[in-house]
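The values are calculated or read from the model by the stated rules, or taken from the named source; none is laboratory data. These numbers were taken from a predicted model, which means no experiment stands behind them. Every residue, glycine as well, gets a Cβ built from its backbone with ideal geometry; the counts of neighbours run over all protein chains shown. What goes into the accessible areas is simple: the full protein's heavy atoms, side chains included, and nothing from ligands, DNA or RNA. Shrake-Rupley method; radii C 1.70, N 1.55, O 1.52, S 1.80 Å.
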Amino acid sequence: MNYNWAEHVPELTFLATALITLVVLSLVAPGVTFLLTRIANPFSFARDLLERVKPPLHFLIPLIGLQIVWRSAPETLRFAGAVNHLITLAIIGVIIWLGLRFVDAGRQVIFKRHPIQVSDNRTARKIHTQTQVLVHTLSFFVILFGVAAMLMTFPGAKQIGASLLASAGLAGLAVGFAAKPVLGNLIAGLQIAITQPLSLDDVVIVENEWGRIEEITSTYVVIKIWDERRLIVPLQYFIENPFQNWTRESTQLLGSLFLWVDYAMPLDPLRNELERLCKQNPELWDGRVSNIQVTDTSDKAIQLRILVSSSNASNSWDLRCLLREKLVQFIATNHPDYLPQLRTNYFEDSATIDFQPAKKNRDSTPAAD
């Protein structure tokens, strides 16, 4: 029995037309993006933006053309509805990709215009922090709307998609903040981006750990501890709990170290030695503060507080360690008697000493006596 191909000529013609459209637009799309890039070349922002969104555009243009053609598919084509649905899902997926690229392109442009690799990077770090948090938040909503749009293309899941879109509203966010930690962290991230209690590369003490803010995501903060460990802290922690930020307004710090010395220790030579050591290490000492004060006394010694200033926390730590070592060495070398020592008084009363002669040994001989 011979198969009658003539009956399927309309379907075959349509499939050939759809295939040709897909191939032609796939070849045309790079040319379109190249032309747009040449037009935007004088404008750095538009040029960088187009460079980031080229890949999704190369897929989006052919898919839109294919969907336009596919809507005129003959009714006799059995799988036309399923293919049209797949094309719609693919377009939504590429639009999500495109939205994420747009957001990331904005982040890259802002980072490029505000480099953080400079000596005074306080303003740049603030901008980087705000940008990073906003990028994560916008990316979340791009994915949320994209997934909701995909679900709404399925009749059975249409209500779920609508619920997702409704939850993205302000009322949904308010309820989500109370009920869902993820959305609560998102709002905490927005608060941090606006109020700036911390920024990237800030020196902080959290949970008695000293470290630097290495990364701020949409839900948590990564703190690089001084010994190369990483402390992961939810964003809400910084809204609800106190923490120390050593570099919020400035990186300059005052550092202190304490020494215990004898009451008789002369302090002027020690002050001169402190000044000499500070001037000898200008890469650690910023020249603002250098002094010694007696801050406490005990029954055995006096406590000295050495206060010095540095340009940042790392230099402050290194300077204090250096001064502690050198000043102890200076005292031990030049004034060893004035290190902390235990004093005691010994009184010998001669009147209480018994000078009675020793008793004779009964077994001794007369000659021995």
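What the table shows:
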item	result
Region 238-265, residues that are open to solvent by less than 60 Å² (accessible area, probe 1.4 Å), among the aliphatic types (A, V, I, L, M) and either at positive phi or part of a strand (DSSP E or B) (or both)	LEU253, LEU257, LEU259, VAL261
Subset of region 207-229 [within 10 Å of the chain's Cα centre (by Cα) and open to solvent by 80 Å² or more (accessible area, probe 1.4 Å)]	GLU214, TYR220
Hits in region 196-221 (condition: closer than 11 Å to ARG248 by Cβ and among the polar types (S, T, N, Q))	GLN196, SER199
Neighbours by Cβ (under 6 Å, 6+ apart or cross-chain): first from region 93-116, farther than 11 Å from SER139 by Cα; second buried (at least 18 other Cβ atoms within 10 Å of the Cβ) and of a type in the set (Ser, Thr, Tyr)	ARG107/THR131; ILE110/THR131
The one condition in (1) in contact (Cβ under 8 Å) with a residue 24 or more places away in the chain; (2) surrounded by fewer than 16 Cβ atoms within 10 Å (Cβ to Cβ) that CYS278 fails to fulfil	(2)
Lone unmet requirement of (1) outside any helix (DSSP H, G or I); (2) at pLDDT 75 or above for VAL118	(2)
Count - residues of region 265-314 that are under 16 Å from VAL328 (Cβ atoms) and among the acidic types (Asp, Glu)	1
Sole exception among (1) among the small types (Gly, Ala, Ser); (2) open to solvent by less than 20 Å² (accessible area, probe 1.4 Å); (3) assigned to a loop (DSSP other than H, G, I, E, B) for SER72, by number	(2)
Members of region 85-143 that are under 18 Å from GLU214 (Cβ atoms) and among the β-branched types (Val, Ile, Thr)	ILE116, ILE127, THR129, THR131, VAL133, VAL135
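Residues are listed down the side, and each one gets a yes or a no for (1) acidic (Asp, Glu); (2) modelled with pLDDT under 80; (3) part of a helix (DSSP H, G or I); (4) closer than 30 Å to THR251 by Cβ:
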site: ALA46; (1), (2), (3), (4): no, yes, yes, no
site: LYS54; (1), (2), (3), (4): no, no, yes, no
site: ILE64; (1), (2), (3), (4): no, no, yes, no
site: ILE127; (1), (2), (3), (4): no, yes, yes, yes
